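As structure tokens, the structure follows; a few thoughts come after it.
The values are calculated or read from the model by the stated rules, or taken from the named source; none is laboratory data. Predicted, not measured: the structure shown is a model, and the values here were computed from it. So basically every Cβ, Gly included, is an ideal-geometry build from the backbone, and we count neighbours across all protein chains shown. Areas reflect the complete protein model, heavy atoms only, side chains present, ligands, DNA and RNA absent. Shrake-Rupley method; radii C 1.70, N 1.55, O 1.52, S 1.80 Å.
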Amino acid sequence: MAGIGSSTYWEDLRKQARQLENELDLKLVSFSKLCTSYSSSRDGRRGDTSDTTPLLNNSTQDRMFDTMSVEIEQLLAKLTAVNDKMAEYTNTPGTASLNSALMHTLQRHRDILQDYTQEFHKTKGNFLAIREREDLLGSVRKDIESYKSGSGVNNRRTELFLKEHEHLRNSDRLMDDTISIAMATKENMTSQRGVLKSIQSRVNTLANRFPTINNLIQRINLRKRRDSLILGSVIGVCTILLLLYAFH
């Protein structure tokens with residue numbers, strides 16, 4: 001190879017390596033953004049009822065992913081080829097005095113290539129995992145919607161049965177409350193009846209113990225009735241006399 005031992009050749013290789021590294025850095029940043037926005041964009045479309053727009057967006061992102069993957073793989077292959085040429089250059093005669101510095105530079109470019117390769121495979125693996133998960137979730141959602149649409153009548157019947165069951169439970173609670181109130185009222189009336197019987201028993205006991213008081217009460221009652229009869233008779237006679245006087 002002509003000029004392979006010259007420093008210009010080495011500088012050209014380093015220039016190519018730096019240019020490819022810059023392109024890879026930009027591509028990997030865009031690739032990472034695409035993978036990060038893939039899941040969130042699908043979440044935003046879950047509520048969309050359109051049959052065409054989600055499919056178009058999904059296929060667009062998938063095509064972008066495939067295109068960028070191919071471009072990055074090509075750049076990595078080119079950078080690998082440049083590193084191989086740089087390694088070949090360090091083994092040519094006449095570079096022994098610069099071998100240490102050349103090897104240091106070559107190792108740095110190899111480390112960069114390795115980092116970019118690992119980052120690419122990691123991002124690509126994450127993207128594929130997200131896409132597979134989203135596809136699985138989408139299939140599950142379709143199955144659920146299909147089941148709901150097919151069993152809508154059964155769901156309505158179940159809902160009606162549940163409402164009826166709730167009404168029956170409320171009626172049972174009202175009946176229990178009514179029975180509790182009736183039992184409490186019965187107990188209260190029984191207690192009052194016992195109190196009245198106790199008072200009557202005490203009055204009878206007092207009347208039996210003091211017969212004089214009992215006789216006196218009876219006489220008073222008789223006198224009240226007699227006075228009432230006399231007063232009624234007087235009022236009746238007076239009324240008759242007034243009527244006779246009025247008609248004459």
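Is it true that some residue in segment 153-166 is charged (D, E, K, R), modelled with pLDDT under 75 and at negative phi?
Yes; the residues of segment 153-166 include at least one that is charged (D, E, K, R), modelled with pLDDT under 75 and at negative phi.
Within segment 79-112, how many residues turn out to be open to solvent by 40 Å² or more (accessible area, probe 1.4 Å) and touching a Ser or Thr at 6+ places or on another chain (Cβ under 7 Å)?
Residues that pass the stated criteria total 2.
Restricting to segment 104-128, and then to whatever is under 15 Å from GLU73 (Cβ atoms) and charged (D, E, K, R), can you tell me which residue is farthest from the chain's Cα centre (by Cα)?
Filtering segment 104-128 for residues that are under 15 Å from GLU73 (Cβ atoms) and charged (D, E, K, R), the one farthest from the chain's Cα centre (by Cα) comes out as GLU119.
Among the residues of segment 41-51, is any in contact with a Gly (Cβ under 6 Å, 6 or more places away or on another chain), part of a loop (DSSP other than H, G, I, E, B), modelled with pLDDT under 90 and open to solvent by 70 Å² or more (accessible area, probe 1.4 Å)?
There is no residue in segment 41-51 that is in contact with a Gly (Cβ under 6 Å, 6 or more places away or on another chain), part of a loop (DSSP other than H, G, I, E, B), modelled with pLDDT under 90 and open to solvent by 70 Å² or more (accessible area, probe 1.4 Å).
Just checking, how many residues over segment 64-89 are touching a residue at least 24 places away in the same chain (Cβ under 8 Å), among the polar types (S, T, N, Q) and farther than 15 Å from GLU21 by Cα?
Summing the residues that are touching a residue at least 24 places away in the same chain (Cβ under 8 Å), among the polar types (S, T, N, Q) and farther than 15 Å from GLU21 by Cα in segment 64-89 gives 1.
What tally of residues in segment 61-78 results from selecting those that are surrounded by 13 or more Cβ atoms within 10 Å (Cβ to Cβ) and of a type in the set (Lys, Arg)?
Matching residues across segment 61-78 total 1.
Tell me yes or no: at least one residue of segment 205-221 is modelled with pLDDT of 75 or more, of a type in the set (A, V, I, L, M, F, W, C) and open to solvent by 100 Å² or more (accessible area, probe 1.4 Å).
Checking segment 205-221: not a single residue is modelled with pLDDT of 75 or more, of a type in the set (A, V, I, L, M, F, W, C) and open to solvent by 100 Å² or more (accessible area, probe 1.4 Å).
Would you check if there is a residue in segment 117-131 being closer than 23 Å to LYS15 by Cα, at pLDDT 90 or above and open to solvent by less than 70 Å² (accessible area, probe 1.4 Å)?
Checked against the condition, which is being closer than 23 Å to LYS15 by Cα, at pLDDT 90 or above and open to solvent by less than 70 Å² (accessible area, probe 1.4 Å), segment 117-131 yields at least one hit.
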